[in-house]
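Beneath this line is the structure, given in structure tokens, with notes to follow.
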Ligand SMILES: [Zn+2]
Ligand SMILES: [Zn+2]
């Protein structure tokens, strides 16, 4: 079985375009609970620790900046 339809957000792959469509519509955003607050960055993760590491490595933010942003984060939505 070839998984030719890959989700650009989370890299999950499906063999049917329909399956990918359903995934993006109903599941993808729910699986990725934490999204990067930097404008223009589409990084998201379902683990807060992954997001923190991303901000540290990709944006050169300090631990204090990261904590200030992520400690108020809860499941689901950005507050900004
Ligand atoms: Zn996805
Ligand atoms: Zn980012």
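For the range 50-65, a residue qualifies if it is more than 16 Å from the chain's Cα centre (by Cα) and within 12 Å of residue 37 (Cα to Cα), and the qualifying residues are 61, 65.
Considering (1) assigned to a helix (DSSP H, G or I); (2) modelled with pLDDT under 90, say which one residue 19 fails and leave the rest. It is condition (2) that residue 19 fails. Taking residue 10 as the residue in question, decide whether it is outside the structural domain of residue 67 (by TED's automatic domain parsing) and under 25 Å from residue 70 (Cα atoms). Yes: the conditions hold for residue 10.
Out of the residues in the range 31-49 that are touching a residue at least 12 places away in the same chain (Cβ under 8 Å) and not in a loop (DSSP other than H, G, I, E, B), state the one that is nearest to ligand 1 (Cβ to nearest atom). Here the answer is 31.
The C-beta contact set for the range 1-24 (first residue closer than 17 Å to residue 35 by Cβ and more than 16 Å from ligand 2 (Cβ to nearest atom), second residue assigned to a helix (DSSP H, G or I) and modelled with pLDDT of 90 or more, distance under 7 angstrom, 6+ apart or interchain) comprises 7/20.
The values are calculated or read from the model by the stated rules, or taken from the named source; none is laboratory data. Here the structure is a predicted model, which is why all the values come from computation and not from measurement. All Cβ positions, even for glycine, are placed from backbone atoms using ideal geometry, and neighbour counts span all protein chains on display.
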